[in-house]
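Structure record follows, encoded as structure tokens.
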Amino acid sequence: MRSRTARSATFEAPPNIALVKYWGLRDRALVLPFNSSVSMTLDRLRSRTTVRFDPSLDEDAVELNGAPAAGGPRAAVVQLLDRVRALAGVDERATVRSRNNFPTASGLASSASGFAALAGAASAAAGLRLSPRELSRLARFGSGSACRSVYGGFVEWSAGRRPDGRDSGARPIAPAGHWPGLVDLVVIVRGAPEKAVRSQDAMQSTVRTSPAYARRLAEVPGRVARIRRAIRRRDAASLFPLVMEECDSFREVCETTVPSLDYLTSVSRAVLAEVRAINRAAGRLIAAYTHDAGAHIHVFALRRDVPRIRPRLRSLPGVEVVRLLRAGPGAHPVGSRPGVPRGRPR
Ligand code: DP6
């Protein structure tokens, strides 16, 4: 179908931080993971993306943070647009403008927010009325972790078992307002390197080469169940040790990958050591670290303990800033018109 007028839509979507990491694909084409993962959708940070299908264009024009995109990043966007065109029966090319209100490639999961916003904007501009579940599935083809950013609050992506992936998908565990006392202190470290290898490539080399991967896979389902329960009960005493155990397991399989994957800098490692020292001084776990495939560290804590934790993290040499974030809403349309789907949990 070729319409004569340009059609556009804008979506915003947040990044998320994984409490249980997605790391390893059982089916790369369908983006089906080996293990289920759990995340918290972050407030304040977001990608805002506008897609405009335009009959006068000969090719897709993609602009990321004010600069034309090329190479791999552009190809990933065009691939998702092609999927939307096929679903909607649209053949027009599009302009895509996307902007983050936080540094890109800083390890703050800009691919999750970016692809959740792109999936929302592209499908709405193409006239598709997707349910949150369908939107999440579409976003997953851009970036695995993006399927969780469609939903706000606490989210689980079930790995599923079926080869066709029909039983694999994200769903909310608890809404954004569920646990107001829980905060994520995001420690931004100076000189964080840009990701050299896309996570999907890195995780598959872990699957192939890490001797610790099979043990991790056996442990993760139990950890997912315990973390889900701790979130539902707002039980920090149970949650915090599990979050760090999971992070250590993720780091172990990365480090034992051949060639080894090391996402941390010496400053990141100093932050992990400081969290351990803070907990020793408190005589119990009042702070829990985690990190994704990047150098910045997320430190979970209860609001009341922040004054004991934040100044110590801030004063470490090489720490640029410590931002206080909470659980926030999922992807949603901006300036919605009738017929534009709402990317909110049902
Ligand atoms: C460590 O979803 O970023 O953040 O599909 O290559 O974009 P791509 O991978 P991505 O991988 C996320 C890996 C992780 C863990 C997680 O978010 O679950």
| task | Give VAL253, VAL299, VAL258 a once-over and let me know the one that is assigned to a helix (DSSP H, G or I) and either within 16 Å of the ligand (Cβ to nearest atom) or in the same structural domain as ALA225 (by TED's automatic domain parsing) (or both). | result | VAL253
| task | With respect to SER149, determine if the residue is of a type in the set (S, T, N, Q) and within 13 Å of the ligand (Cβ to nearest atom). | result | yes
| Among the residues of region 46-69, is any under 17 Å from SER149 (Cβ atoms), among the charged types (D, E, K, R), outside any strand (DSSP E or B) and away from the ligand (no atom under 16 Å from the Cβ)? | yes
| field | Members of region 5-20 found to be closer than 16 Å to SER113 by Cα, within 11 Å of the ligand (Cβ to nearest atom) and either touching a helix residue (DSSP H, G or I) at 6+ places or on another chain (Cβ under 6 Å) or modelled with pLDDT under 95 (or both), listed by number | value | PRO15, ASN16
| field | Any chance LEU42 is within 13 Å of the ligand (Cβ to nearest atom), over 30 Å from TRP179 (Cβ atoms) and touching a residue at least 40 places away in the same chain (Cβ under 8 Å) | value | no
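The values are calculated or read from the model by the stated rules, or taken from the named source; none is laboratory data. What you see is a predicted model; the values in this text were computed from it and never measured. Because the Cβ atoms are built from the backbone with ideal geometry, glycine has one as well, and the counts that use them run over all protein chains shown.
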